[in-house]
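The values are calculated or read from the model by the stated rules, or taken from the named source; none is laboratory data. Just so we're clear, the structure is a prediction, and the values are computed from it rather than from any experiment. Here the Cβ positions follow ideal geometry from the backbone for every residue, glycine too, while neighbour counts run over all protein chains shown. Only protein heavy atoms, including side chains, enter the accessible area calculation; ligands, DNA and RNA are left aside. Shrake-Rupley method; radii C 1.70, N 1.55, O 1.52, S 1.80 Å.
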Amino acid sequence: GVVIAQHQYTWPQLVSQWKLAEELGFDSIWLFDHFMALYAAPDGPCLETSTLLAALAQETNRAKIGVLVYGNTHRHPSVLAKEIVTVDHISNGRAILGIGAGWNEREHRAYGIPFPSAGDRVEMLDEALQIMESLFTETRTTFHGVHYDLEDAPFAPKPVQDKLPVLIGGKRPKMLKVIARHADLWDTGNDPEGIREGLAQIQAHCAEIGRDPNEVAVSSSFGADRL
């Protein structure tokens, strides 16, 4: 797969890059989830993620598409669930839900988005994934957590895919517990030794909850400058 993030790109440039990526045979193509451009001038262009992903779904036809990764703190989980399922329908079942706890404090402050403690953000992600899993599969969802509340919420249509894949990015111990509970894919930038150590922790957490650890695949993200 390849990440072609939207910062510093115009819409025509993104369409060209995404179409080229699919023509070159990449199996998956990814955006990121930020409201300001990173790694260069923050005043540069940076289109919103979910609406952009829906538009790019119509410019591609084969590759899986997703966000590496959504910041959970950026949207209420019921809103994000509706957005990613809409993309799944527009793309004819090619969407992957990539999500993490959220990390960019400067960005949160700039746009007036609350930025809880690291521990709270992990708890919020765990609750959000419980909510989305229920919305994806149940006729109605009621959920009363520490951070979120839903009351008899309908959700239709369901994803096109029988199981909409969930990718979770993270490597700290509390995140690895969330990954063991909810992820189909664990995304990490760790080196091989770090991946082995993380997988051992994930396997131990899976054993605690009775989940087959082989249900969690691994993806590794790295910059082109490290090839």
### Query
Say we look at segment 76-96 and pick out the residues that are open to solvent by 10 Å² or more (accessible area, probe 1.4 Å), touching a residue at least 12 places away in the same chain (Cβ under 8 Å) and among the hydrophobic types (A, V, I, L, M, F, W, C); which of these is nearest to residue 220 (Cα to Cα)?
96
## Note on the structure
Exactly one of 194, 170, 189 is surrounded by 20 or more Cβ atoms within 10 Å (Cβ to Cβ), over 23 Å from residue 137 (Cβ atoms) and modelled with pLDDT under 95, and that one is 170
### Task
Pick out the one residue from 150, 125 that is modelled with pLDDT of 95 or more, hydrophobic (A, V, I, L, M, F, W, C), part of a helix (DSSP H, G or I) and at negative phi.
125
### Message
So, in segment 128-147, how many residues would count as being open to solvent by 30 Å² or more (accessible area, probe 1.4 Å) and part of a loop (DSSP other than H, G, I, E, B)?
### Response
4
### Task
Kindly provide the set of residues from segment 173-186 that are within 27 Å of residue 137 (Cβ to Cβ) and either of a type in the set (A, V, I, L, M) or open to solvent by 20 Å² or more (accessible area, probe 1.4 Å) (or both), ordered by number.
174, 175, 176, 177, 178, 179, 180, 181, 183, 184, 185
### Summary
(1) in contact with a helix residue (DSSP H, G or I) (Cβ under 7 Å, 6 or more places away or on another chain); (2) within 20 Å of residue 28 (Cβ to Cβ); (3) open to solvent by less than 20 Å² (accessible area, probe 1.4 Å); (4) of a type outside the set (A, V, I, L, M, F, W, C) all hold for residue 161 apart from (3)
### Query
Are any residues in segment 109-149 closer than 22 Å to residue 96 by Cβ and of a type in the set (A, V, I, L, M), and if so, which ones?
122, 124, 125, 128, 129, 131, 132, 135
#### Entry: Residue check for residue 73: in a helix (DSSP H, G or I), of a type outside the set (A, V, I, L, M) and either in contact with a Lys or Arg (Cβ under 9 Å, 6 or more places away or on another chain) or open to solvent by less than 10 Å² (accessible area, probe 1.4 Å) (or both)
yes
### Query
Among the residues of segment 197-227 satisfying the criterion of being of a type outside the set (D, E, K, R) and in contact with a Lys or Arg (Cβ under 8 Å, 6 or more places away or on another chain), which is least open to solvent (accessible area, probe 1.4 Å)?
198
### Query
Got at least one residue in segment 127-143 being in contact (Cβ under 8 Å) with a residue 60 or more places away in the chain and of a type in the set (Lys, Arg)?
no
